[in-house]
Amino acid sequence: MLGSLDLEHRLRNAVKSARDLVPAEAAAVFLPNEAGDALVIRAHSGLSENYVARQRLPLDEARALFRASGEHVLLDMPGGSVGNHALIEAEGLAKFLAIPLSFKDKLIGALVLYSKDRKRTFESDDIEVAHLLAATTAIGITNSRLYAEAVAQQDLHRHLLDALGDGVLIGWPNGRYESNPRAREILGVGQFDTVVELRAAIDVKDLMTGEPIVAGAYPLDRALKGENSKGEFFVARPETGERRDLEVSAAPVRGPNGEVVAGVMTLHDITDLLASEREREQFLSIVSHELRTPLTPLKALAQLVRSRMRRAKAQGTELDMESLDRNLAAIERQVDRMNGLVNDLLSVSRAEKGSLSMERVPYDLAVVVREVVQRYIDATVEEGRHTFTVESPSSVPAHGDQSRVEQLLMNLVGNAVKYSPTGGPVHVAVAAQGRNAEIVISDRGIGIPTDDIGKLGHPFVRGAGRASTFAGMGVGLYVARIVAEAHAGSLVLESDGDGKGTTVRVKLLL
């Protein structure tokens, strides 16, 4: 009976032993059913399946029958028995010896022995053996249940650790440890046998100073010494060298007498958080610079106009209207630039929230393209470095958000101008077939390295190399892409490489 902690194994051996040792013609172990209102047969020997399936002892009757642990009940059946009398009579059972199974004075079941011989007498030796078997069975049931509960708790403990989003390591005073899958993923290592092996496998350094952590000063080491600790560290994964930034907390686990029985350490991966903070700081720096850049010439032009007005008034001369017009046109361009920056930022914000709306109205795509290109012609006429050509049908009727399409074109033509610092041709072509239109904008500027093409077109992503030296926030191309996609279209970048110019192909559903 004690050869296994499995409950079914113990119950089967209990009834077999009862039949062999008492002896008896049949034996059964009754345990509470799931509802807890009756005792039902959980293991048996010598009984029919019909009897086993249908016989039940109401719990109230069983408690009345077994008034105290250590007692036993002898009954002649079926008249003096408990349970279903018809089943007992059909089974041919004549004698009934029952011993309660108890744990801490609580009834947890019964061991019942049956005889079909009406002349059979259970002697004192039989009853003593039955009591010994009942006591052993009660202990076995209790231990098996406690073991099952311990296994369930262990499984729950493992599942909880596996489900955690943070890494967890538990170290023991004997040098062994366990870790959850997230901890192994963060550290980039497998499961070792000892903490010493784990330390040797990973390179841990202080996040602020970059200094390595000396032996004995690891948070888990300190927890096993009874100390609570927190800190920020970084580790290099052994196989890839990839760096992960970690926020680490460790604390001791104490036993009933205050002794340290384990140390627990949690690993919270803050790599992406710190990266996003750095990106946010960089973004704020770029945005403040980009928004401040138009303000400087705006203020200078406003001061220049006011100075000329005061001088003309003091000298009684007329203003140079041509010069004034140029100054005001320059102010208008700077205001348009600021307005474009703000609109792009708002578009990115709304797109990230999924609330970038499109107000669809009838418009002429060919007219919009020519108007946008004309704005850049007017804005760059004084510099004279760029030449613009437009290839388009006279009219391309469309139905969409005209202001968003204008924003797309302003960004793309603006990029063609900005990334062609030495000037050159900017060609814009429009072609329509059925309900589909394609806009192609090409320049002979600095081009795009092959490795950068797949990265561009995402929020706040800018090109590397020469492109990084130009002003910009990395949102114009992204806004153009989401506007194209909102019109059931696409945006594709093409370039033969550094210094080879760029072509942007935009497809729209008319």
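Residue-wise HN-Hα couplings along segment 492-507, as the Karplus relation 6.51 cos²θ - 1.76 cosθ + 1.60 with θ = phi - 60° gives them from phi, are 10, 9, 9, 7, 7, x, 4, x, 9, x, 9, 10, 10, 10, 10, 10 Hz; Gly and Pro carry x.
One chain, two ends: GLU259 and GLU178. Fully extended at 0.36 nm per residue, the span grows by 27.2 nm beyond their Cα-Cα distance. THR136 exposes around 50 Å² of accessible area when a 1.4 Å probe is run over every protein chain in place. Couplings 3J(HN,Hα) of segment 175-182, computed from phi: x, 7, 7, 9, 9, 8, x, 5 Hz, in residue order, whole Hz [Karplus 6.51 cos²θ - 1.76 cosθ + 1.60, θ = phi - 60°; x for Gly and Pro].
Close amide H pairs (under 5 Å, H built 1.01 Å from N) link ASN436 with LEU510, residues at least 5 positions away or on another chain. Assign one of three labels to segment 370-510, namely rounded, prolate or oblate, based on the Cα gyration tensor with a ≥ b ≥ c the square roots of its eigenvalues; rounded applies when a/c is under 1.5, prolate when it is not and a/b is larger than b/c, and oblate otherwise. Judged from the Cα gyration tensor, segment 370-510 comes out oblate (a/c at least 1.5, b/c at or above a/b).
Looking at the chain, the accessible area is 54 square angstrom per residue; that uses a 1.4 Å probe and ignores ligands, DNA and RNA. Would segment 323-376 count as rounded, prolate or oblate if I go by the C-alpha gyration tensor, calling it rounded below 1.5 in a/c and otherwise prolate when a/b exceeds b/c, oblate otherwise? Since a/c reaches 1.5 but b/c is at least a/b, the shape of segment 323-376 is classed as oblate.
Comparing ILE270, VAL253, PHE234 along the charge dipole axis of segment 232-272, the residue lying farthest to the positive side is VAL253, per the Cβ-charge model. Computed about its Cα centre, the charge dipole of the chain is approximately 1020 debye, with only Lys, Arg, Asp and Glu carrying charge at their Cβ.
When you filter the trypsin sites (Lys or Arg not before Pro) in segment 49-88 for DSSP loop state and at most 15 other Cβ atoms inside 10 Å of their Cβ, you are left with ARG67.
Within a straight-line Cα-Cα reach of under 12 Å, LYS230 can be paired with the following aspartates and glutamates, leaving aside sequence neighbours fewer than 8 residues apart in one chain: ASP206, GLU247. The candidates PHE30, PHE233, PHE460, arranged from most to least accessible area with a 1.4 Å probe in the full protein assembly, appear as PHE460, PHE233, PHE30.
Counting 0.36 nm for each residue step from LYS106 to ALA300 and taking away their Cα separation leaves a gain of 60.4 nm.
Identify which of the listed values of Kirkwood radius over Cα pairs in Å was calculated from the structure shown: (i) 34.3; (ii) 32.0; (iii) 23.5. This structure yields the entry labelled (ii). Rounded, prolate or oblate, given the Cα gyration tensor of segment 1-144, with a/c below 1.5 counting as rounded? Rounded is the answer for segment 1-144, as its axis ratio a/c remains below 1.5. Here the accessible area is traced with a 1.4 Å probe on the protein chains. For segment 59-178, carbon and sulfur cover 53 percent of it.
Would you mind counting up the charge near VAL168? Only other residues with Cβ under 14 Å from its Cβ, with Lys and Arg at +1 and Asp and Glu at -1.
Details: positive: ARG158, ARG182, ARG184; negative: ASP162, ASP166, GLU178, GLU185, GLU247, ASP269.
Residues close to VAL168 contribute a combined charge of -3.
What net charge is computed for the residues neighbouring ASN228, neighbours being all others with C-beta under 15 Å from the C-beta of ASN228, Lys and Arg scored +1, Asp and Glu -1? Cβ neighbours under 15 Å give a net charge of +1. Straight-line cross-link partners of LYS95 among the lysines, defined as a Cα under 21 Å from its Cα and at least 8 positions apart when in the same chain: LYS16, LYS116, LYS119.
Run lengths n ≥ 4 of DSSP H only: what is the helix-derived mean residue ellipticity at 222 nm for the chain, with -39500 (n - 2.57) per run over all residues, to the nearest 500?
Per the formula, -14500 deg cm²/dmol.
The values are calculated or read from the model by the stated rules, or taken from the named source; none is laboratory data. Quick caveat, the model's predicted, so the values are computed rather than measured. All Cβ positions, even for glycine, are placed from backbone atoms using ideal geometry, and neighbour counts span all protein chains on display. In case anyone asks, the SASA skips ligands and DNA or RNA and just uses the protein heavy atoms, side chains included. Shrake-Rupley method; radii C 1.70, N 1.55, O 1.52, S 1.80 Å.
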